[in-house]
Structures are given as structure tokens and as C-alpha cells.
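Novice: Please see the structure below; I have some questions.
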Amino acid sequence: MGNILLFIQHVDGKVLKGTLSALAAARELKVPWQAEQIVGVALGSGAQVAAKEMLGYGLTSVRYSENGLFEKYRAEPYARAIALAAKELSATSVVALASSSGKDALPRVAVLLEAAQASDVIGVNPDGSLRRPMYAGNIIAEVELLAPTRVVTVRSTAFSPATLEVGGSECSELGLAGDPELHEQPRFGEIVGYEMSKADRPELSDAAVVVSGGRALGSAENFEKVVYPLADSLGAAIGASRAAVDSGYAPNDWQVGQTGKVVAPNLYISVGISGAIQHLAGMKDSKVIVAINKDPDAPIFEVADYGLVADLFTVAPELTEKLRGLRS
Amino acid sequence: MKILVPVKRVPDWQLKLKLLPDGSGIQTEGIKWILNTFDEIAVEEAIRLKEKGGVSEIVLVSIGPDDVRARLEYALAMGADSAILIKHDGPADSDLASRAIAEVFKKGDYAMVLLGKQAIDSDASQTAQLVAARLNLPQACFASKVVVDGGAVTVTREVDGGLETIKVPLPCVISTDLRLNEPRYAALPNLMKAKKKPFEVITLESLGVSSDVKVKVRKLSTPSARKAGRKVASVQELVDVLQNEAKVL
């Protein structure tokens, strides 16, 4: 069988931790899928640095392109370039982190390679079938990909990041001549602008500690006054329940749950979150869960390791103070 | 312009799902079905675009057994104009759906495909992208704002870390995220009127689409439940257990 191609996701050359989780999944797939090698492709500014770094993780051959077509992520050119790299490196499978761009581009890759795709994979069985969540994580499906070419997106929280391993040394620029349509980019439109959250805290998806706030905060001001300092006392990322985001207490991309981010930190502290099933889908694989809620019957306590039934406006600031004391 | 809105019916998300004893599927007998939450948002957005002017017709399409008709009629009652049901009783996956939707698109002179970013049963989040790739059209997935301006659409997309705004020419494929809009309820009189709207039942064969799937679901299971922990009495006790028992501080 052919090789497995890893789509190396990075920011300006810095490889995302989730890419290493996707690689861990690719390593598990290697034997059951009878792949000879794991190879990789990186695109965009800093791609060469990212590609080279991955040779230190056991990839035998990598391609990169810093062509202007890839300066900003767009589904169409990225998918075409990934498919080109797969063909050039004799890969019959493509594995990528299920980030927003991974989710966006990989189905297009699947069409270009006539592949079968499994999304958000959380486990690999010895026979090469895959495990993935359905119904907001309430059901785990065991799926078999029936096509000879395959595409997989990986849920990073389900795989520990791959460690260093001796790889190859072949790192070269991806030739783009093989796909004339790549150069017809104007017909795929253009990026008009971005509105990104300030990144002065860890990235929610791979933070070691997450503090999330819910509807009980009551206002955006309270969310900021109570949740921000608690998170900062732990160096944590901030999350929110759907209700809190719907009420405008927190930006959309902080939402933890079935339709938002899926997180699995070492420590997850929920403040004033009742624990709707869609929220639990996004955090129940956290190592240690703490819930603060004044309703003793809130469903969040059914998954929490430690529950504190109390008024959050009293205990959250107290907890912040004590944690600050521990740090200093 | 005509908009094609593919929709899927899914089990009501408020249900506690039960598996068949052999794990081959979920128990569907007598359960309540709803329009996939994200597809309902797509239907609503199409209606709003039509209300603003410039949209001539909203056509729904779905793949599934006869009783999907009821969900299509609900979307018609919301304000869509006509519906196509591709009758299919066997297993289906995103790939099969995308091949069928692409063929319907080719027959209808559509300017836009508007559908949910994922179905809340399979949670695959593939169909919109697959349709776009099959038709070699631009895509704008995970939309939280859609503005049509002449021959182009400006779409704000929810991406990791924030929002990205792109402008894509028509025709294009747009997938809807949670906060694009709040769908209206279909009023009872409209539900009656919806039964009189054009409703076409066709087959995969008539579209020239094979019923093969690329993903086989072998078995379903429920994840091992996380066991509830215990209550602590004070902030001090919480800090103590986090430090000494859980060792996470």
C-alpha cells in the first residue's frame, strides 16, 4: 500500500501541537493500513521551517510551498496542493488535525483523491477501522473506510502528541505545475478581513488548564470580572458555555461543546455552567473536572470530579485569591 | 437567483438515544425526528435572502425514506418554495449525499447551495465541502454572516481564534454555523399550505448516482460513562484536593 501523508499545520513555521497528535494517529495507522512511510506537506509562510522540523518526527520525506497562493489559508488552493503532494509522494492516505482549516479543506482533498473520509477520529483499531464520535459524543461509531484512498481528520485531544523519532532528510519544494487549476484562484474569491481574538492567553484547544463560564455569570462584565482573573491565576485558557456565548458574555470561538471547541485539559474548571449535553460533549474527556454551581442538581456535577455547591460570585474570587497565593 | 438547500432529518437532540441490541444502529421506532439544527438555520437564511429580494426560488432537497416528507413539509412551511425527495432506504454517507446533491444542482441553474455545517447525528461536517469540490465551486464554510451583493457573496466564517471574512463569486456553496440566525417557527396554517407546494419524489437512479457508500458504520457503542466525583465543602478543601489528591496545581 502507499504512504500516509500528514498535512503539517503550523503558524508561521511553528508546528501546531495538534499536528503532532495527528501524526500520533498516523503512526497508529501505519501497520494496519500497511503504509510504508509517513510523509508530509506544509503550506504558507514558514512552511519550509515547519516541514524541516517534521523530519525530526520520523517523516521520511516532506514537501513545502511558500508560494503566494498559500499565504493565507483558503480551502481550494490548500486542498489542491495537498492532493498534489499526495500524488507526488505516493501517498494513498492523508491525515490532518481536525482544526477549522482541517475540517474545511480535507473533504475537498477527499474528492480530488476519490477517497473515503472519516472525520474527528478518536481511535484506531488493530484491524485499521476507526473510532469516531457521533450524536454529540453520546455514541462512538466504529467505521471502516471502503475506498483504496483514505482521508482522516483527527481529534487532537484523543492522541498524545508524537515524540521525536529519526526520520529522513528529503525536504524539497512542492512543484505546482501538475495542477493548472491551482492558478485560477480569482474564481475562488478573496479574503476581505479577519477579526481575531487577542492571543494573550493559551490557545483553548490545547491549553493545559481551561476555565469556562456559563449563563449564571449574568453579564459580560461579570464574566470578565470573575472568569478572567481566575483563568489568569492558573495561566489558563478561557472557555464558555453556549448559553454564555448566546448571551454575548464571551466571543463565539470560546464556545466549548458539540458545535464549538472540544477540549481535554489536565484541569477544567466550570463556573456557573449547568452542563447541557452539548457542553459535556466538548469537555468530558478532561483529566480533572471541577464544577462550581449553586444548583446541587446541575448535570455538570455528574461528570465533575470535584463539585462545589456555592454562589460563584463568592467562591470564584476566593479561589482566585488562594491560587494567586500559591503562585507567588 | 435560485438557492438549493439540502436538508437532513435527524433524531431530536433532546432524546436519550438507545442502541439496537447488536449495535448496528440506534432504535428509531417511534422516535421524534427533527430538521437538522444547522440545516434549519440554512433554510431560515435562504428565506431571509429571498425576503431581501434577488432570490427567485428556494428548492429543498433531501435523501431518505418516504417519511422524510414530513420534515421537508416543515421547511416548506417555514417559507421554502418546493422540495425534492430522493427516495433511498439504504445506508447513506456524506459522499453519497454529495454526489446526489451535485447532480440536482447541475439540473437546476442554481446560484447557491446553502446547508448546515454538520448534521447533529453523524457530526461529520463534510457534505458542503464535498459538494463544492464535486462541482469545483468556491466554498464558504461555517458562516456566521452572509451578505449577497450582485454576483458575489461576502461571508464571515467562524475559524479557530476568531472570524474570517471572505468574498466569493456566485455560484458557490455556503455552510451555516450556529449563530447565523435564529430560525422562525412554521405556523400551523403554513403547515397546511405547505402540503400544496410542489413536491417531487425522485430516485438515485434517475440522477445517475450509484447508492454505494464509502464509509461503513460497523458498530455503535456508548462511551464509558465518567463517574461522578464528590462534593467539597469549601474553597480551601477544593484547593487542598487539587493540590494533594488530583495533583494538578
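Novice: Does a label point 7 Å from the Cα of A:Lys294, set along Cα-to-beta-carbon, have any residues of segment A:251-272 with amide nitrogen under 18 Å, and which are they?
Specialist: A:270-272
Novice: Loop only by DSSP, 12 or fewer other Cβ within 10 Å of the Cβ. Give me the chymotrypsin sites (Phe, Trp or Tyr not before Pro) in segment B:136-226 that pass, ordered by residue number.
Specialist: Listed in order of number, the matching sites are B:Tyr185.
Novice: Please work out the Kirkwood hydrodynamic radius for segment A:3-188, using every pair of different C-alpha atoms, and report it in angstroms with one decimal place.
Specialist: Kirkwood hydrodynamic radius for segment A:3-188: 16.1 Å.
Novice: Over the alpha-carbon set of segment B:2-224, work out the extent along each principal axis and list the three values in angstrom, largest first.
Specialist: Computed over the Cα atoms, the extents are 54, 44, 36 Å.
Novice: For every other residue with a beta carbon closer than 14 angstrom to the beta carbon of A:Asn252, add +1 if it is Lys or Arg and -1 if Asp or Glu, then tell me the sum.
Specialist: That sum, taken over residues with Cβ under 14 Å, equals -1.
Novice: Taking square-rooted eigenvalues a ≥ b ≥ c of the alpha carbon gyration tensor, is the protein assembly as shown rounded, prolate or oblate, where a/c under 1.5 means rounded and, failing that, a/b exceeding b/c means prolate?
Specialist: Note, shape of the protein assembly as shown comes out oblate.
Novice: Over chain B, what relative contact order in percent results from Cα pairs under 8 Å that are six or more residues apart?
Specialist: Value for chain B: 24 percent.
Novice: OK, next. On average, how many beta carbons from a partner chain sit within 10 Å of the beta carbon of a residue in B:210-219?
Specialist: Mean inter-chain Cβ contacts per residue within 10 Å come to 6.
Novice: Along the Cα-to-C-beta direction of A:Asp179, a point sits 7 Å from the Cα; which residues of segment A:51-65 have their amide N less than 15 Å from that point?
Specialist: A:63-65
Novice: Same structure, new question: Let me confirm one metric for peptide B:127-138, namely the mean number of other chain beta-carbon atoms within 10 Å of its residues' beta-carbons.
Specialist: 5
Novice: Right, another one. Please state the shape class of segment A:130-288: rounded when a/c is under 1.5, otherwise prolate if a/b exceeds b/c and oblate if not, all from the C-alpha gyration tensor.
Specialist: It is prolate, given that a/c is not under 1.5 and a/b is the larger ratio.
Novice: Of A:Lys14/A:Lys103; A:Lys14/A:Lys225; A:Lys17/A:Lys294; B:Lys50/B:Lys107; B:Lys117/B:Lys167; A:Lys14/B:Lys145, which sit over 26 Å apart, Cα to Cα?
Specialist: A:Lys14/A:Lys225; A:Lys17/A:Lys294; A:Lys14/B:Lys145, as the Cα separations exceed 26 Å there.
Novice: What FRET efficiency would be calculated for the residue pair B:Ala152, B:Arg184, taking the C-beta separation as r and a Förster radius of 25 Å, to the nearest 0.05?
Specialist: Once rounded, the FRET efficiency stands at 0.40.
Novice: Another question, if that's okay. Sequence neighbours fewer than 8 away in the same chain don't count; with that in mind, list the lysines whose C-alpha is under 21 Å from B:Lys32.
Specialist: B:Lys32 reaches B:Lys8, B:Lys16, B:Lys18, B:Lys87, B:Lys195.
Novice: Sticking with this one: Going by how many other Cβ atoms sit within 10 Å of their own, how do B:Glu40, B:Glu200, A:Glu318 line up, fewest first?
Specialist: B:Glu200, A:Glu318, B:Glu40
Novice: Then there's this: On a full-extension model of 0.36 nm per residue, what is the gain between A:Arg187 and A:Glu203, subtracting their alpha-carbon distance, rounded to one decimal in nm?
Specialist: That pair, A:Arg187 and A:Glu203, stretches by 2.4 nm at full extension.
Novice: Report, as a whole number in µm² per second, the diffusion coefficient that Stokes-Einstein gives for chain A at 37 °C and 0.692 mPa s using the Kirkwood radius over alpha carbon pairs.
Specialist: The Stokes-Einstein estimate is 157 µm²/s.
Novice: Which FRET efficiency value, to the nearest 0.05, is calculated for B:Lys87 and A:Lys287 with the Förster distance at 56 angstrom and r the Cβ-Cβ distance?
Specialist: 0.75
Novice: Give me the net charge for the shell around B:Arg218: Cβ to Cβ below 12 angstrom, other residues only, Lys and Arg +1, Asp and Glu -1.
Specialist: Residues close to B:Arg218 contribute a combined charge of 0.
Novice: Let me ask another. Just report the Cα centroid separation between segment B:173-235 and segment B:62-116, whole Å.
Specialist: 13 Å
Novice: Please turn the phi angles of segment A:64-78 into ³J(HN,Hα) values with the Karplus equation 6.51 cos²θ - 1.76 cosθ + 1.60 (θ = phi - 60°), one per residue in order, whole Hz, x for glycine and proline.
Specialist: Each residue of segment A:64-78 in turn: 9, 8, 10, 3, x, 4, 10, 4, 10, 4, 9, 4, 5, x, 5 Hz.
Novice: Roughly how far apart, in whole Å, are the Cα centres of segment A:68-141 and segment A:13-46?
Specialist: 11 Å
Novice: Then there is this: What percent does the relative contact order of chain A come to when contacts are Cα pairs within less than 8 Å and at least six residues apart?
Specialist: RCO, chain A: 14 percent.
Novice: Quantify how much of the Cα-Cα distance distribution of segment A:204-327 extends past 20 Å, in percent.
Specialist: That tail contains 32 percent of the Cα-Cα pairs.
Novice: Between A:Thr314 and B:Gln27, what is the label-to-label distance in nm when each label sits 7 Å out along the Cα-to-Cβ direction?
Specialist: Inter-label distance under the simple model: 4.4 nm.
Novice: Antiparallel versus total DSSP beta bridges in the protein assembly as shown: what percent is that, nearest 5?
Specialist: For the protein assembly as shown, the DSSP antiparallel bridge percentage is about 35.
Novice: Relative contact order of segment A:223-267: what whole-number percent is it, with Cα pairs under 8 angstrom and at least 6 residues apart?
Specialist: 26 percent
Novice: In peptide A:191-202, how many Cβ atoms from other protein chains are near each Cβ within 10 Å, on average?
Specialist: Per residue, the average neighbour count from other chains is 4.
Novice: Roughly speaking, what is the stretch gain from B:Lys52 to B:Lys106, that is 0.36 nm per residue apart minus the C-alpha to C-alpha distance, in nm to one decimal?
Specialist: The B:Lys52-B:Lys106 span can extend by a further 16.9 nm.
Computed from the coordinates by the stated procedures, all read-outs in this text should not be read as laboratory data. Just so we're clear, the structure is a prediction, and the values are computed from it rather than from any experiment. When we count neighbours, we look across all protein chains shown, and the Cβ atoms used for this are built from the backbone with ideal geometry, even at glycine.
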